[in-house]
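Student: This structure is in structure tokens; I'll ask about it shortly.
The values are calculated or read from the model by the stated rules, or taken from the named source; none is laboratory data. Remember, it's a predicted structure, so these values are computed and weren't measured experimentally. When we count neighbours, we look across all protein chains shown, and the Cβ atoms used for this are built from the backbone with ideal geometry, even at glycine.
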Ligand code: AMP
Ligand code: MN
Ligand code: MN
């Protein structure tokens, strides 16, 4: 399971009470930085003028990536002629992510709108308007990276601090707890009411990236948005069940094997307390499980009191390590993962690697040590000082 966190946890001074005073509680606008206003206007103008809009989220999508994209896809499709300038014809909406075969993770199959997905090889090569969701850099679009590079207008909707601003319009707000918060703002600006189906996608994004309102990015604004989404009639228990509370029996065997060989490296000079394990293709094959079954292992490993950093090396079907790293606040795994070609947030990040697991861990340990405050070459703000 994905666990993304904002690098700036906790409420911001302009949020909560200040915003709700004297008017109806509305969409959380924690993220409405002044310079974003121009970008919002440009995004709406591009969408209004488009005959065709291609949507893409990051590969191996999580609840935030797919949920946000499907919410916007549905909003664009139901947008009435009256909402469009001069009653223009509705645009063709294409939604996809860049991997073949296009495999929707089992835990996300309950999301409304998955029937709207198109395989990436059917996405126009030169989209008039393309919009990306939860992707911090163009390479996270996989096969659709080339389409994005050729798009006339590329709208990037994201909340990663490491975002490379690869769009022509960049709606990037690292203070947003999830891309779903930005997707909700966009839907509002397009004048589309949030239906139950749209709310379900947004809610899936919100609970995925806040760890079900457990992580420090759970601001008052997050709860206000959650309340609005719940008002549409979605069932939070049902969402949690689909996302986290179910697995095939074989998962118990996999968990037992991979937790049983987890290694704890206690904190020492130049090191953070670290716990790590691997989930290999052989582990999955032994229990008949797909790659996505490895995703939630990190959520168990990260509980380890003795470790500030938790790492799971997940071997994908191509034999590559998809590495998930989490930190509790002393270490900055985002910086370390970016240095290793990946991305993410200070407390939740990842990268892709190949070679022996021991070598991958050695490279990661090296980056973590280099990022320690006071270490040679470490940036001033290397550590996340959040709770
Ligand atoms: P995960 O561990 O897959 O839940 O991902 C945690 C965070 O790291 C998310 O923000 C991901 O987008 C990011 N991330 C994970 N793997 C990669 C990768 N190979 N490249 C770039 N970012 C990644
Ligand atoms: Mn994501
Ligand atoms: Mn996200």
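Student: Go through region 331-374 residue by residue and tally those that are in a loop (DSSP other than H, G, I, E, B), in contact with a strand residue (DSSP E or B) (Cβ under 8 Å, 6 or more places away or on another chain) and under 17 Å from residue 308 (Cβ atoms).
Tutor: Qualifying residue count, region 331-374: 3.
Student: Only one residue in 206, 224, 202 is more than 16 Å from the chain's Cα centre (by Cα), part of a helix (DSSP H, G or I) and surrounded by 16 or more Cβ atoms within 10 Å (Cβ to Cβ). Which one?
Tutor: After applying the criteria, what remains is 224.
Student: Out of region 75-105, which residues are closer than 19 Å to residue 187 by Cβ, out of contact with any strand residue (DSSP E or B) (no Cβ under 9 Å at 6 or more places or on another chain) and modelled with pLDDT of 95 or more?
Tutor: Start the filter on region 75-105 by keeping residues that are closer than 19 Å to residue 187 by Cβ, which leaves 75-85, 88, 90-95.
Right, trim to out of contact with any strand residue (DSSP E or B) (no Cβ under 9 Å at 6 or more places or on another chain) and you get 75, 78-85, 88, 90.
Matches in region 75-105: 75 only.
Student: Is it fair to say residue 197 is surrounded by fewer than 23 Cβ atoms within 10 Å (Cβ to Cβ), under 19 Å from residue 105 (Cα atoms) and modelled with pLDDT of 95 or more?
Tutor: It is true that residue 197 is surrounded by fewer than 23 Cβ atoms within 10 Å (Cβ to Cβ), under 19 Å from residue 105 (Cα atoms) and modelled with pLDDT of 95 or more.
Student: Continuing with this model, one more query. For region 200-226, which residues satisfy the criterion of being farther than 18 Å from residue 347 by Cα and either within 15 Å of ligand 1 (Cβ to nearest atom) or in contact (Cβ under 8 Å) with a residue 40 or more places away in the chain (or both)?
Tutor: 200, 201, 202, 203, 204, 220, 221, 222, 224, 225
Student: Is region 230-238 home to any residue that is in contact (Cβ under 8 Å) with a residue 24 or more places away in the chain, within 20 Å of residue 171 (Cβ to Cβ) and in the same structural domain as residue 58 (by TED's automatic domain parsing)?
Tutor: No, region 230-238 contains no residue that is in contact (Cβ under 8 Å) with a residue 24 or more places away in the chain, within 20 Å of residue 171 (Cβ to Cβ) and in the same structural domain as residue 58 (by TED's automatic domain parsing).
Student: Residue 149: within 14 Å of ligand 1 (Cβ to nearest atom), closer than 21 Å to residue 352 by Cβ and surrounded by fewer than 20 Cβ atoms within 10 Å (Cβ to Cβ), yes or no?
Tutor: No; evaluated as a whole, the condition is false for this residue.
Student: Here's a follow-up. Return yes or no: is residue 51 in contact with a strand residue (DSSP E or B) (Cβ under 8 Å, 6 or more places away or on another chain) and at pLDDT below 95?
Tutor: yes
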